[in-house]
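Have a look at the structure below, then the notes.
The values are calculated or read from the model by the stated rules, or taken from the named source; none is laboratory data. Owing to the predicted nature of the structure, the values given are computational and were not obtained by experimental measurement. A quick note on method: Cβ atoms are made from the backbone with ideal geometry, for glycine too, and the neighbour counts reach across all protein chains shown. The accessibility values were calculated without ligands, DNA or RNA, using every heavy atom of the protein model including side chains. Shrake-Rupley method; radii C 1.70, N 1.55, O 1.52, S 1.80 Å.
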Amino acid sequence: MHDINSDNISRLEKLISQARRIAIVTHMKPDGDAMGSSVALYHFIGMCAGHSVKIVLNDRYPDYLGFLAEDIPASDMIIWQERPAEAETAIKDSDLVICLDFNVFHRTDKLEQALTESKADKVLIDHHLNPDRASFELSFSETDISSASELLYHILMETGKIAHDATMLPHRAATALMTGMTTDTNNFANSTYPSTFRMASALLASGVDRDEILSRLYNQYGENRLRVLGHMMKDLLTITEDGVAYIVLDKATLEHYNVQEGDTEGFVNMPLSIAEVRMSIMLKEDKDRVRVSIRSKKGTSANTCARIYFNGGGHENAAGGRLNIPEDISGISEAAGYIEEKTHEYFTKENGNKN
Ligand code: 5GP
Ligand code: MN
């Protein structure tokens, strides 16, 4: 963890202590890691008096993550889609902006402009490939790590306030960090490192209730989620000769099953359980775009595929992006053909490179 050194930790502590107004920003469509790391940092900074801290989101987090934010007042959690002017002002008027779980400003969607225009000092804490370090005064970027929540945990451990003693973390911060790591690793199924288990061990010992977290995350869904999963795997899953499994969820299907944000979390991983599948892609039709999730097995790069063909990126084996209409496809009915053509091109080129 190259960026976690005493010099950078001192700089971070100084930036926080000198700032009166602090904005915490994470990526659009916030997931467990985005919310977990943001909420944890909010409570950590709350340990020190004299700061106004606000979490600024592009859009609301899914209901199943609501427990993380239960005790954060609405005035400290500003969502652009609900209060755009307030969200932009919070970013522009702050002295310090701390960005968590994303690598480039445009991942915050409508907050991008405010971030670019803000004169505040900016700090990055992220675990994605290709971070835009030039946009930040201070960057903590580590890709060999489970999650932004884990990275933040190791940073906080180094601070004078926590001093390598996880019991010094506010309980809600500890719970949020454990939650973010748990969702980004798919409950310890991928991207886990020795450091991940050390973190989990220390947080458990400090009193974090993992059973409660698991219950909140995985046992509170509506019936519709399992119904749509059944439909997807039985009727919508296609597997190409290249070993690409893909599913297209169009608006009609999403509406029919009343699919809410977060309901399909994790589904894209499932086709990887099939021996011959090398890569799994899930498409969801959104208001003005098609959202893309990609997962791959070792030896196949979801990140490269997302960058070349899907206007996105992420991690080596878990990435995402979008298809723009009409630039990439003229409508959702063309999505299947686009995936088949582009992934075939990807695997043909990849084999060409290897030979
Ligand atoms: P998911 O499929 O769960 O939405 O995203 C998988 C991973 O790829 C996450 O770490 C997410 O942050 C990243 N990701 C998703 N969409 C994009 C995108 O459009 N651009 C980049 N750079 N990363 C993305
Ligand atoms: Mn993450």
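Can you check what the net charge comes to around Tyr193, using other residues whose Cβ is under 13 Å from the Cβ of Tyr193 (Lys, Arg +1; Asp, Glu -1)?
-3
Give me P(r) over the range 6-217, computed from all C-alpha to C-alpha distances, binned every 5 Å, as integer percentages.
Once binned at 5 Å, the Cα pair distances of the range 6-217 give 1, 8, 17, 22, 22, 17, 9, 3, 0.
Which residue, Asn303, Asn190, Asn317, tops the fluctuation ranking in a GNM of the chain built on C-alpha contacts under 10 Å?
It is Asn190.
For the chain, what is the accessible area per residue in Å² when the probe is 1.4 Å?
Per-residue value: 44 Å².
Along the charge dipole of the range 230-305, Cβ charges K/R +1 and D/E -1, which of Ala245, His256, Val290 sits furthest on the positive end?
Checking the options against the dipole of the range 230-305, the answer is Ala245.
For the range 244-317 and the range 86-121, what is the separation of their Cα centres, given in Å?
27 Å
Where the only charges are on Cβ atoms (+1 Lys, Arg; -1 Asp, Glu), what is the dipole of the chain about its Cα centre, to the nearest 20 debye?
Dipole about the Cα centre, nearest 20: 300 debye.
Rounded to the nearest 500, what is the chain's calculated 222 nm mean residue ellipticity when only DSSP H runs of at least 4 contribute -39500 (n - 2.57) each, over all residues?
Only helices count here, giving -11500 deg cm²/dmol.
With everything on Cα atoms, drop me the angle between helix 194-205 and the longest principal axis of the chain, reported from 0 to 90° to the nearest 10.
Approximately 60 degrees, to the nearest 10.
Which translational diffusion coefficient, to the nearest whole µm²/s, is obtained for the chain from the Stokes-Einstein equation, given a Kirkwood hydrodynamic radius over C-alpha pairs, 10 °C and 1.306 mPa s?
Result for D is 76 µm²/s.
Please compute the alpha carbon radius of gyration of the range 224-354, then divide it by the globular-protein estimate 2.2 N^0.38 Å. Two decimals is fine.
0.99
With axes computed from alpha carbons, what is the tilt in degrees of helix 32-46 against the longest principal axis of the chain, rounded to the nearest 10 within 0 to 90?
Long axis of 32-46 versus the principal axis of the chain: about 10 degrees.
Probe radius 1.4 Å, ligands and nucleic acids ignored: give me the carbon and sulfur share of the accessible area of the chain as a rounded percent.
47 percent
In vacuo Debye scattering of the range 46-132, one point per C-alpha: log10 I(q)/I(0) at q = 0.11, 0.12 Å⁻¹?
Here the Debye-derived log intensity ratios amount to -0.31, -0.37.
With the chain treated as a Gaussian network of Cα nodes joined by springs under 10 Å, which of Asp33, Asp165, Asp71 yields the largest mean-square fluctuation?
In the Gaussian network model the winner is Asp71.
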